[in-house]
Amino acid sequence: MILDNHIEKTEDSLQMLDQSLPQASADSFVYGLQQRKWTDWDILQFKLNIRNSHNFAMMENMRLRKWGVSFNEEYATDHNTYFTTAERTMNRIHCTLSGIRRAVTKLCYSSRKQLPTDTKTPSVFERSPLLNGTYSPDLFGLDSYGQNVQELYKELVAYLKTAEENIALCIEVINRENDIRQNPGECMELHDKCYDITFQHSKRIIDRLKDSNANIDNDIMNGIMTAENAQETIVELFHMLNVDQWTDYVICRATVEAKATGLSTTELRLWGRENKAQVMKVRKLLAHIDALEIDKIKRRNALSGYFVMRLMYWCNIKDNSMHSLLLDYITSNYKGQIVKMGAIKAEKHKLAHIDNSENKAQQTDFNQKIENFLASF
């Protein structure tokens, strides 16, 4: 009878292969080989086919490892309305799956006997000795066969090991995606991280839309804002939006927030809409900073590294990765000259050589002087 060797691109198929592939053994290989009347030429051809499949499977392994990490670091992905995650992972191991079908089918006996039309075609994965059943050792063992057969078995074992790894990687990607969905806190962190990245890339567009009368209505934004639990909605939308939908959502939401608060995109990114009062203080300070009388404020007509370092801490940006953006903001909003980031980092390194309590005392004194200065306006 002709056996069905089709592999459905589903999570169940991945689980079936994950459980079946490790069962291949020398005894099952010998039993399957005995079902075929192969010549040395047939064995050589099969060996070369397996070796070729193994080479492709190793390339797929490296690509899948890299893609698997980046896939679950993105909140929005393309083609998610057409393919499940199982289909997407299995599409990336096409050669591995083809090699598995070939190996399993070759070592499984079949005949041309026709089945009744109402009978379901048996699966080769259910009938193959390579993946199913326990077989008694051959009387003389694998060592009694010629070199071609032994080399074929070695090639097959090496290939199946890589195939197992690829199947396990596919399952790992799916499990990781499910873990993120089941952990709202982690999903929100991923959403916010991706939001910041897209926001940064779209600042120019947002700034233009903020001062225009363009239509910025967005169904996704409206759905999140009107939901009883916005976090639940954001978790539900994980890997459900494509990249274009996601970008449109970020631009529309950021534009709405910028119009509502009167803050620029950079200010929103640095302080958020909740800290508008701090932004107003920073704006006022940068507008009148040349009237400020404080030690170490300038070096050669430019704001000194020490002063800018203390100023950045006063700005209350706790995320050090944002300090470069903060320096750009200060530079663009101060009319005078400012030192480069290198001078600021040098001052930060000096903090390691003073007592922590002394550092806090210096920062507290600096902050108080700034607050007193702002209160005079």
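The values are calculated or read from the model by the stated rules, or taken from the named source; none is laboratory data. These numbers were taken from a predicted model, which means no experiment stands behind them. We place every Cβ from the backbone using ideal geometry, glycine too, and count neighbours over all the protein chains shown.
Of note:
- Residues being over 13 Å from the mean Cα position of the chain (by Cα) and under 13 Å from residue 71 (Cα atoms) - total across the stretch 173-186: 2
- Conditions (1) of a type outside the set (Asp, Glu); (2) over 25 Å from residue 258 (Cβ atoms); (3) assigned to a loop (DSSP other than H, G, I, E, B); number of the one not met by residue 317: (2)
- Looking only at residues in the stretch 221-236 that are out of contact with any helix residue (DSSP H, G or I) (no Cβ under 7 Å at 6 or more places or on another chain) and not hydroxyl-bearing (Ser, Thr, Tyr), the one that is surrounded by the fewest Cβ atoms within 10 Å (Cβ to Cβ) is 228.
- Residue that is in the same structural domain as residue 98 (by TED's automatic domain parsing) and buried (at least 19 other Cβ atoms within 10 Å of the Cβ), where the choices are 170, 252: 170
- Verdict on residue 4 being surrounded by fewer than 19 Cβ atoms within 10 Å (Cβ to Cβ), of a type outside the set (A, V, I, L, M) and not assigned by TED's automatic domain parsing to the domain that holds residue 106: yes
- Subset of the stretch 48-67 [of a type outside the set (A, V, I, L, M, F, W, C) and out of contact with any Cys (no Cβ under 8 Å at 6 or more places or on another chain)]: 49, 51, 52, 54, 55, 61, 63, 65, 66
- If you check 330, 289, 297, 344 for being free of Cβ contacts under 8 Å to residues at least 12 places away in the same chain, on the phi < 0 side of the Ramachandran plot and surrounded by 15 or more Cβ atoms within 10 Å (Cβ to Cβ), only one passes: 297.
- Single residue of 85, 96, 89, 77 found to be touching a Ser or Thr at 6+ places or on another chain (Cβ under 8 Å) and modelled with pLDDT of 90 or more: 96
- Boolean, residue 290 is over 36 Å from the mean Cα position of the chain (by Cα), at pLDDT 90 or above and assigned to a helix (DSSP H, G or I): no
- One residue from 179, 196, 192, 217 being assigned to a helix (DSSP H, G or I) and either in contact (Cβ under 8 Å) with a residue 12 or more places away in the chain or hydroxyl-bearing (Ser, Thr, Tyr) (or both): 196
- Pairs where the first residue, in the stretch 305-318, is touching a residue at least 12 places away in the same chain (Cβ under 8 Å) and the second is in a helix (DSSP H, G or I) and polar (S, T, N, Q), C-beta under 7 Å, 6+ apart: 310/363; 313/363; 314/367; 316/278
- Only listed residue being closer than 24 Å to residue 377 by Cα, assigned by TED's automatic domain parsing to the domain that holds residue 350 and either over 32 Å from the mean Cα position of the chain (by Cα) or hydrophobic (A, V, I, L, M, F, W, C) (or both), chosen from 300, 283: 283
Conditions (1) exposed (fewer than 14 other Cβ atoms within 10 Å of the Cβ); (2) in contact with a Pro (Cβ under 9 Å, 6 or more places away or on another chain); (3) closer than 30 Å to residue 173 by Cα; (4) among the β-branched types (Val, Ile, Thr), marked per residue:
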site: 203; (1), (2), (3), (4): no, no, no, no
site: 219; (1), (2), (3), (4): yes, no, yes, no
site: 238; (1), (2), (3), (4): no, no, yes, no
site: 257; (1), (2), (3), (4): no, no, no, no
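- For residue 269: the one exception among (1) among the basic types (Lys, Arg); (2) modelled with pLDDT of 85 or more; (3) within 18 Å of residue 312 (Cβ to Cβ): (2)
- Selection over the stretch 206-223 of residues that are of a type in the set (Val, Ile, Thr) and at pLDDT below 90 gives a count of 2.
- Test result for residue 277, in contact with a strand residue (DSSP E or B) (Cβ under 6 Å, 6 or more places away or on another chain), modelled with pLDDT under 90, surrounded by fewer than 19 Cβ atoms within 10 Å (Cβ to Cβ) and not β-branched (Val, Ile, Thr): no
- Test for residue 358: is it assigned to a helix (DSSP H, G or I) and not polar (S, T, N, Q): yes
- Qualifying residue in the stretch 75-82 (condition: assigned to a helix (DSSP H, G or I) and either surrounded by fewer than 21 Cβ atoms within 10 Å (Cβ to Cβ) or under 17 Å from the mean Cα position of the chain (by Cα) (or both)): no
- Scan of the stretch 301-324 for residues that are within 23 Å of residue 201 (Cα to Cα) and surrounded by 15 or more Cβ atoms within 10 Å (Cβ to Cβ), ordered by number: 317, 322, 323
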